[in-house]
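Only one structure is covered here, and it is reproduced in the block below.
The values are calculated or read from the model by the stated rules, or taken from the named source; none is laboratory data. From a predicted model like this one, the values you see are computed outputs, not experimental measurements. Glycine also receives a Cβ, built like all others from the backbone with ideal geometry; neighbour counts cover every protein chain displayed. Side chains included, ligands, DNA and RNA excluded: accessible areas come from the protein's heavy atoms. Shrake-Rupley method; radii C 1.70, N 1.55, O 1.52, S 1.80 Å.
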Amino acid sequence: MGDRLFIGTRRYSSWSLRGWLAVRLARLGVEEVVIPLAGGSTPGVKAVSPGGTVPYLEHAGNKVWDSLAIAEYCAEQAPGLWPDNPAGRAHARVISAEMHAGFRELRMAMPMSLFRPGCAGQCGTEGALADVARISQIWRETRARFGAGGPFLFGAVFNLADAMYAPVVARLLTYAPKLDADAAAYCAAVRAHPLVASWYEDAAKEPKDWFIEKYETAP
Ligand SMILES: N[C@@H](CCC(=O)N[C@@H](CS)C(=O)NCC(=O)O)C(=O)O
């Protein structure tokens, strides 16, 4: 069987975007298989993925079914996906872990939906805005310490920490809560990265019968 990366509907699947970015940053030659999501417990996802979720990577006989594990797997396949120096690497890992384990309020209130209309300024619950404030602080502190020389968290190179936060950026662009200038500039840089731009382009081509009504109408 060939190497494959299973992902969900690009418009909605935030975890898939993280795994896909890691795989593309590592330049793994895998076939991409998109499974239209049903909004939870998708039979097609359960049928292929041991964990019942996407992203799910099959590569060189290895089965990896979690975005952060896929990121670590990809970092072993290609140098430079985490920062070279131990301090930067530790920080990149801990902010990625904080994202992977947290920001539940933001994720619930502002589900990723790349082209959802009528969202600007909506869905800013107290908990979600507290998450936005924490995320902005992480970005600001990371960039101040490691980000010289470029627009990304660790400078010029878009790395796995940026990949972990890219779907957060997508949410902030859709729901447009008030951001400080640094956070807004970081969001613009991530959106303009060629891989992120390519994800949006492919998402825009997805067929309408993959749409989930509640994610396509104004909140
Ligand atoms: N911890 C997992 C979470 C993955 C996850 O929850 N993926 C969602 C899609 S974004 C999923 O597959 N849900 C099941 C479904 O929609 O059928 C990861 O980091 O990859």
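In whole angstrom, note down how far apart the Cα centers of region 139-157 and region 1-41 are.
27
Using only the Cα atoms, what convex hull volume per residue in Å³ does region 11-66 have? Numbers along the way, then the final one.
Details: hull volume 4.6 nm³, N = 56.
It is 82 Å³ per residue.
Where a ≥ b ≥ c are the square roots of the eigenvalues of the C-alpha gyration tensor, would you call region 106-219 rounded, which needs a/c under 1.5, or, failing that, prolate if a/b is larger than b/c, or oblate?
Values: a/c = 2.58, a/b = 1.37, b/c = 1.88.
The shape class here is oblate.
Could you point to the residue in SER96, PRO111, ALA69 farthest towards the positive end of region 59-145's charge dipole, with +1 and -1 charges on the Cβ of Lys/Arg and Asp/Glu respectively?
Looking along the dipole axis, the top candidate is PRO111.
Within the chain, count lysine pairs with alpha carbon atoms under 28 angstrom apart where the residues are 8 or more positions apart or belong to different chains.
On the way: LYS46/LYS63; LYS46/LYS205; LYS46/LYS208; LYS46/LYS214; LYS178/LYS214; LYS205/LYS214.
Going through the chain pair by pair, I get 6.
What residues qualify as long-range amide H neighbours of ILE35, i.e. H under 5 Å apart, gap of 5 or more or another chain, H built at 1.01 Å from N?
Long-range HN contacts for ILE35: ILE7, GLY8, THR9.
Let me have the relative contact order for the chain, percent, based on Cα pairs under 8 Å that are six or more residues apart. Don't skip to the end; give the middle numbers.
Working: 316 pairs, mean separation 54.2, N = 219.
Dividing the mean separation by the residue count of the chain yields 25 percent.
Kindly report the accessible area of the chain per residue (heavy atoms of protein chains, probe 1.4 Å, no ligands, DNA or RNA), in Å². Could the numbers behind the result be given before it?
Working: 9890 Å² over 219 residues.
Using a 1.4 Å probe on heavy atoms only, each residue of the chain averages 45 Å².
Helices from the chain with mean Kyte-Doolittle at least 0.5 and a Cα length along the axis of 20 Å or more, per DSSP H: which?
On the way: long enough: 86-101 (22 Å, -0.13); 126-146 (30 Å, -0.37); 160-175 (24 Å, 1.00).
Passing helices, by number: 160-175.
How large is the translational diffusion coefficient of the chain in µm² per second when you combine the Kirkwood radius over alpha carbon pairs with Stokes-Einstein at 25 °C and 0.890 mPa s?
Answer from the Stokes-Einstein relation: 140 µm²/s.
Taking Cα pairs under 8 Å and at least six residues apart, what relative contact order does region 82-164 come out at, in percent?
Details: 64 pairs, mean separation 28.1, N = 83.
Computed value for region 82-164: 34 percent relative contact order.
For region 60-116, which whole-number percentage of the solvent-accessible area (1.4 Å probe, protein heavy atoms only) is attributable to carbon and sulfur atoms? Walk me through the intermediate numbers first.
Details: 1520 of 2810 Å².
Whole-percent figure for carbon plus sulfur exposure: 54.
Only sites in a loop by DSSP and with at most 16 other Cβ atoms within 10 Å count here; which GluC sites (Glu not before Pro) in region 18-62 make the cut? The partial results should precede the final answer.
Details: sites: GLU31, GLU32, GLU58; in loops: none.
Qualifying residues, ordered by number: none.
Under the rule of -39500 (n - 2.57) per DSSP H run of 4 or more residues, summed and divided by the residues of the chain, what mean residue ellipticity at 222 nm is obtained, to the nearest 500 deg cm²/dmol? Let's see the in-between values first.
Numbers: 10 runs with 115 residues, N = 219.
Value at 222 nm, helices only, nearest 500: -16000 deg cm²/dmol.
Specify the residue with the greatest mean-square fluctuation among MET112, MET164, MET99, computed from a Gaussian network of the chain linking alpha-carbon atoms under 10 Å apart.
Evaluated over the chain, the most mobile residue of the options is MET99.
Please work out whether region 152-219 counts as rounded, prolate or oblate from its C-alpha gyration tensor, where a ≥ b ≥ c are the square roots of the eigenvalues and a/c under 1.5 means rounded, while otherwise a/b larger than b/c means prolate and anything else oblate? Each step should come with its number before you reach the end.
Numbers: a/c = 2.79, a/b = 1.51, b/c = 1.84.
Because a/c hits 1.5 or more and a/b fails to exceed b/c, region 152-219 counts as oblate.
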